[in-house]
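Visitor: Below is a structure I'd like to ask you about.
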Amino acid sequence: MKKVLLISSLFTCLQVSAQTQRDTISLQGTWQFREDPADKGITEKWFAQQLPGTIRLPGSMTSNNMGDNVTIHTKWTGSIYDSSWYFNPAMEKFRQPEKCWFPFWLTPVKYYVGPAWYQRTVNIPDQWQRRRIILQLERPHWETTVWVDSHPAGMQNSLCTAHEYDLSALLTPGKHTISVRIDNRTKDINVGPDSHSITDHTQGNWNGMVGQLQLVAGATVWMEDVQVFPDVANGLAKVRLKIGKGNASSVGGKVRLKAYSFNSGAGRQVPQLEIPFSLQQDTTTVEISYPMGKDIQLWDEFNPALYNLTVTLIRDNGEQQSKQVQFGMRDFKADGTRFTVNGRPVFLRGTVENCVFPLTGYPPMDESAWIRIFKIAKSYGLNHMRFHSWCPPEAAFSAADKTGFYLQPEGPSWANHGTSLGDGLPVDQYIYDETNRITKAYGNHASFCMLAYGNEPRGGKQAAWLGKFVNYWKQKDSRRLYTGASVGMSWPWVPESEFIVKSGPRGLRWSRPPGSSFDYYDKIKEQKVPYVTHEMGQWCVFPDFREIKKYTGVFRAHNFELFREHLSDQHMGAQAEDFLNASGKLQVLCYKAEIEATLRTPGLAGFQLLSLNDYSGQGTALVGILNAFWDEKGYVTAEEFRRFCAPTVLLAKMDRFVYTSSDTLSAKVVAAHFGNAPLQQVSPSWRVKNKKGEIIAKGILPVTNIPLGDNISLGEISVPLNRISAATALQLEVSLDKTAIINNWPLWVYPDTLNMAAGDVYITDTLDAAAQQRLDKGGKVLLLAAGKVQKGREVIQSFTPVFWNTSWFKMRPPHTLGILCDPAHPAFKNFPTEYHSNYQWWELVNDAQLMELSSFPATYKPILQGIDTWFLNRRLGMILEANVGKGRLIVTSLDLNRKLETRHAAGQLRYSLLQYMSSAAFKPAANIPLAAIQELFAPQTIKGVNMYTKDSPDELKPKKTDK
C-alpha cells in the first residue's frame, strides 16, 4: 500500500467542516526546544531525549528572542554589493558591539541559521484508534524532519505550503513525543540567497513554525484533494475529487455536492448533486460536472462573489466526511494583448509584494491582516499583486478572494547570485515540486490568476527550461495564465509564455521637456500576448525617521537610525521631515507620470509597481509612497493617488507643461476605462485654475458614451494664454460630472518678454577681480557659475530622483532626491514655485551641477537646496546668498545664461533673482568668507565612493544581445 506522507489539500483551502474538538489536538503553546549549531542532534539522537529549553509556537526563534546577537561577523542570507560599511572609517562608530547598525536592511533582534529542535508531548485519545492522523505544520521555515518517539516520520522542505505528515502508524492511543528538526540553511536546493522566500533583505531567514499547528484525526477513507475548475461559459463547476483509503478493501458510496454563494448579497443556493463512487485501489479520481444553476454569481474585482462548496463523502457503511472549498466562478484569459475576466477587458494596476513584515519577520497567517493590506492597495486604485519570488499563505488568497484582487504568486526562487536555472541543479526539480504544491493547496482560489517560476534567473539554458515549464502548466491546469519569469529587458524572451512580465515599457522620457503625451507603444508593438510592465517606478524618497518607533517586533530599524545620526553629523538633522516631504512630492510626480504613460499605451496589459510600500532591504530601498507597515508617509493621500491610478482615469495629452503668454494651451482629453461596465451618457468638463482656486477658463466637452478600453477620445481643450501678463502657476482639471472621476496637471505661464536690466547688480560667470572689487565696495554680484563648480562635481543630478538606492546600484546616477526651497523667499517672488520639485524646474535642475557646502557654517541654508542620497547626506546647494565682506552675493550653479529665448523657466528665474537683488528685501542673513566661495571653484580631486565590493547587480553588468 502506498504510504501517503504529504496531503497538502487537507490544509489550506480544504477545511474539515465536520470537525469537532475530538478530531483536533492543537499544538500551539509551549514546546521543548534546543539549538543545534554544531548539527549533532541526529547523531546524538536528540529525538529520543527531552530537550532542555522551551519556546512558544507558533512563532520563530527571533520572536522568542533566541539565537545569536548580531555582530559584524554575522553571516547573512543575501547579496551585499556595497561593503563600505565594514571598512569605511566614517562608519566605525556604527560597527561597535553596543551599536551595530547595519545599513543594508532591518536588523533582527537575534539571528540564527542552522538546525534547531522542537519537541512536544501529546496524548492520543482511545477514540483515535485506527483513524488517519495527520500532523499539520502550516508554515515552517524551512526544512522539517519529524520523529515520533524514536521513529522517523519523514522530511519535507516546502517554502510555500503546509508540511503535513501521516502519522497514523506511529500515533497509537497514549503518550507520545513528537520531535521536529527545522533547518533554515541553504543546502543542495539553492533557490538563491536573494529570493524573498528566504532572504534577509525582506522577511529574514528565520527558524520556526507559524500558522496552524495541530494533529487532525480523520476517516480511513478520505478526500485527498478537491479541485474546482469553473466553466463560466457552460455554467458548470467541474469538480475533480481524489479519494484515498487506508487498509480497507474495496470501498463504495456516493459523493454529494452542495454549494451556495455566501458574500454576494444574493444568497444563491445551488441544487444538490450526488453521484456514486467505487474505490478499488489506494486512490481514485472522481470528476463531476456540477451545474451552478440560474443567476450564477461571477467573481471579479468589482463583485468578488464567492461560493462555498461542501463535498461530502458518504460510504455505503454510513460513515461520512465533509470538506468545504471556497471558489469563485471566473474566467481569466488572454485575448490578444489584453487580459479578460469573464470576457470583459481588464488592466492590471499592480504592486510587487516583497514579503516585508517588520513586526514578525514572517507573513501574516490570519485573513484579517491580509484584508487590511488588500483594502489599502485598493484604496490607492490597485487591483493586482505580484509576490516576488515567494508565495503567500492560505490567508492571503482567501482575503484576495473576498476583496477582489488578482494575484500572481511565484515559485520561491530568484535563481541568481550563486545559483542558476536550467543547468540541472536541484532547484530545477524543486520549482516543479513547489508550483505543484502551490496549485494543489491554493488552486481553487478565484484570486489565483497568474503564475511564474519566480524572478530574474541566471543560466544559459534558462529560456528552454522556462519554455518547458510554461508548457507543462498550460497543459495541466487551465484556471490561470502562465509566464516563465518576471524579468528585466536583458533576460531572454520565453515565447511559450501566455503573458509577459518585462521592464521595457517603463521609465520617464525626460531627456526633453516633460509633457503628458508620450507612451510605451514602441516597446510592446511586436508582442502578441498581454505585456505587463515589470517593477515599474522604483523612485526613491528620503527616509521617514518618525517610522523608527514603529519597529517594536523582531526587527530594529538601525539602518534608519544610522542615516538619521549621519544626517545630524552633517548639520541637517532638523531638515529630515522637509527632505521627506519634498522628495515625496517628486516621487509622486514621477509615479503619476509613469502610470499615466502606461494608461496611454495602446494595448498594454498592466503594470507592477516596485512598489506601493517600501522595500526594507537591498541597501534600504525607500521606493514606496507607503512605509513598510503599509501606512501613509504624509505627502500623498489615497484619494489623490486614485486620480491617476484607478479603474477609470482621465488623461490630458499635452506636449509640455511650461508656456508663455503668446502660446495656446492645447490638450487632447482621453479616458482609460476598465471599470465594471461602459459609461453611458457622461459629461466631461474642464477648468483652468490659479493658485487661489479661481477659475480663469472652463468648458464642457460633448456628452458621450465611454466603452471599455484605452485612449477613448473625449474631446480637445484650447485656451489662449495671452491674458496672462505675469508669471503664473495654474492647474488644468478634467472631470466627469456627477462622478468622483477627476484628474489634474500643473501648468506654468511666463511672460513673453522680460526686462533683464541688471541695474546695480554685477553679473559674471567667474569670481574674478572685478567681482571681488564690487564686493569689497559693498556692491551686489550675481555669479552665474553653471559648469564651473568643482566642489561637488561628483554629485550627479537629474530631474528624477534616485532609482532604487545608491548603495545597491553602487552610486549609479542620479544621486539626489529633488530640491527643497522656501516658496515665500523673496527670491521667488516672480518665479512661482512650491517647496519641492515640479515640472517648471526640469530645464533648470536636470543635469545641473550642485555645490557641496561642507566648508560653510553649520547653520547655513541655501536658497535652493539639493537633497542628497541618504547614504552620504552631503550639504548641497544650487542657489546661495551671502554677505561677502562688505558686499552681497548670489551664486547659482543653474544655467541662467544660455538660450533664454527658448528656456522660459530659466529666463523667468533669472529675472526673479535680479528683481530680488534690486529690492530692499535683498538682505542675506549669513556672512561667508570669500575663501569659502572661492573653494567651490578651486580644482580638487573628485571624491569617489569606495564600495569595497567588485560584484554588482545584474543591471550593472555587461548586457548580452538577445538572440
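We did not get these values from a lab; they are worked out from the coordinates using the rules stated. This one's a predicted model, so the numbers in the text were calculated from it and none came from an experiment. Cβ sites come from the backbone with ideal geometry, for glycine too, and all protein chains shown count toward neighbours.
Visitor: Quick check on segment 771-840: take the gyration tensor over C-alpha atoms, sort the square-rooted eigenvalues as a ≥ b ≥ c, and tell me if it's rounded (a/c under 1.5), prolate or oblate.
Guide: Here segment 771-840 falls in the oblate category.
Visitor: How long is the gain from residue 433 to residue 941 if the chain were fully straight, where each residue apart is worth 0.36 nm and the alpha carbon distance is subtracted?
Guide: Roughly 177.3 nm would be gained on extension.
Visitor: Here is a further query. Just how far, in whole angstrom, is segment 869-931 from segment 708-784 if you go by their alpha carbon centroids?
Guide: If we compute the Cα centre of each part, the gap is 17 Å.
Visitor: Report the net charge of residues surrounding residue 54, where surrounding means a beta-carbon distance below 15 angstrom and charges are Lys +1, Arg +1, Asp -1, Glu -1.
Guide: Net local charge, residue 54 excluded: +2.
Visitor: Please go through the residue pairs 110/550; 528/668; 585/691 and name each one whose alpha carbons sit more than 23 Å apart in this structure.
Guide: 528/668
Visitor: Same structure, new question: Within segment 668-733, report the GluC sites (Glu not before Pro) that DSSP leaves as loop and that have at most 12 other Cβ atoms within 10 Å.
Guide: 694
Visitor: Between segment 283-329 and segment 590-605, how many Å separate their Cα centres?
Guide: Segment 283-329 and segment 590-605 have Cα centres spaced 40 Å from each other.
Visitor: Quote to one decimal, in nm, the extra length available between residue 509 and residue 284 on full extension: 0.36 nm per residue of separation minus the C-alpha distance between them.
Guide: Taking 0.36 nm per residue and subtracting the Cα distance, the gain is 75.1 nm.
Visitor: Non-local amide H neighbours of residue 520 (under 5 Å, H modeled in plane, Pro and chain starts lacking H): which ones?
Guide: HN-HN under 5 Å from residue 520: 601.
Visitor: What size of dipole, in debye to the nearest 20, comes out for segment 438-490 about its Cα centre when the only charges are +1 on Lys and Arg C-beta atoms and -1 on Asp and Glu C-beta atoms?
Guide: 180
Visitor: What order do you get for 391, 449 when you list them from fewest to most C-beta neighbours inside 10 Å?
Guide: 449, 391
Visitor: In the structure displayed, which of 40/75; 525/633; 592/780 lie more than 30 Å apart, Cα to Cα?
Guide: Checking Cα-Cα distances, 525/633; 592/780 exceed 30 Å.
Visitor: Let me ask something else about it. Return one number: the angle in degrees, 0 to 90 and rounded to the nearest 10, between the long axis of the Cα atoms of helix 558-569 and the longest principal axis of the Cα atoms of the chain.
Guide: Roughly 10 degrees, rounded to the nearest 10.
Visitor: Right, another one. Which of the following values of Cα extents along the principal axes in Å was calculated from the structure shown: (1) 94, 70, 51; (2) 136, 70, 64; (3) 109, 69, 49?
Guide: (3)
Visitor: Fully extended, how many nm does the chain gain between residue 247 and residue 731 (0.36 nm per residue separation, minus their Cα-Cα distance)?
Guide: 166.6 nm
Visitor: Between residue 122 and residue 151, how high is the FRET efficiency from 1/(1 + (r/R0)^6) when r is the Cβ-Cβ distance and R₀ = 25 Å? Nearest 0.05.
Guide: For residue 122 and residue 151, the calculated efficiency is 0.95.
Visitor: Next question, about the same structure. Could you tally the net charge around residue 582, taking each other residue with its Cβ under 14 Å from the Cβ of residue 582, Lys/Arg +1 and Asp/Glu -1?
Guide: Charge balance near residue 582 sits at -3.
Visitor: Sticking with this one: So what's the net charge close to residue 217: Lys and Arg +1, Asp and Glu -1, counting the other residues with Cβ under 11 Å from its Cβ?
Guide: Neighbourhood net charge equals +3.
Visitor: While we're here: Projected onto the charge dipole of segment 648-750 (+1 at Lys/Arg Cβ, -1 at Asp/Glu Cβ, origin at the Cα centre), which of 695, 718, 654 gives the Cα projection farthest towards the positive end?
Guide: 695
Visitor: Roughly how many nanometres apart are two label points built 7 Å out from the Cα toward the Cβ at residue 521 and residue 468?
Guide: Each label point is offset 7 Å from its Cα along the Cβ direction, giving 4.1 nm.
Visitor: Give the angle, between 0 and 90 degrees and rounded to the nearest 10, that separates the Cα long axis of helix 367-379 from the longest principal axis of the Cα atoms of the chain.
Guide: Taking Cα atoms only, the helix is inclined about 30 degrees.
Visitor: Between residue 951 and residue 425, how many nm apart are label points set 7 Å from Cα along the C-beta direction?
Guide: Going from the residue 951 label point to the residue 425 one covers 1.1 nm.
Visitor: Moving on to the next point. Treat each spin label as a single point 7 Å out from the Cα along the C-beta direction, and report the residue 568 to residue 95 distance in nm.
Guide: Simple spin-label model gives 2.3 nm for this pair.
Visitor: I need the shape label for segment 761-935. Rule: rounded when a/c is under 1.5, else prolate if a/b > b/c, else oblate, with a, b, c from the alpha carbon gyration tensor.
Guide: prolate
Visitor: Follow-up question, since we're still on this one. Is the C-alpha gyration tensor of segment 408-529 telling us rounded, prolate or oblate? Criteria: a/c under 1.5 is rounded; beyond that, a/b larger than b/c is prolate, otherwise oblate.
Guide: Cα axes put segment 408-529 in the prolate bin.
Visitor: Can you put 523, 791, 777 in order, fewest other beta carbons within 10 Å first?
Guide: Arranged by neighbour count, lowest to highest, 523, 791, 777 become 777, 523, 791.
Visitor: Something else now. Applying 1/(1 + (r/R0)^6) with R0 = 25 Å to the Cβ-Cβ distance of residue 295 and residue 703, what FRET efficiency is obtained, to the nearest 0.05?
Guide: 0.15
Visitor: Order these by the 10 Å Cβ neighbour count, fewest first: 685, 250.
Guide: 250, 685
Visitor: What FRET efficiency comes out for the pair residue 756/residue 655, r = Cβ-Cβ distance, R0 = 30 Å, nearest 0.05?
Guide: 0.65
Visitor: Filter the trypsin sites (Lys or Arg not before Pro) in segment 672-743 down to the DSSP loop ones having no more than 10 other Cβ atoms within 10 Å, then list what survives.
Guide: Sites meeting the loop and neighbour criteria: 692, 723, 738.
Visitor: How big is the gap, in Å, between the Cα center of segment 645-665 and the Cα center of segment 525-570?
Guide: Between the Cα centres of segment 645-665 and segment 525-570 lies a distance of 30 Å.
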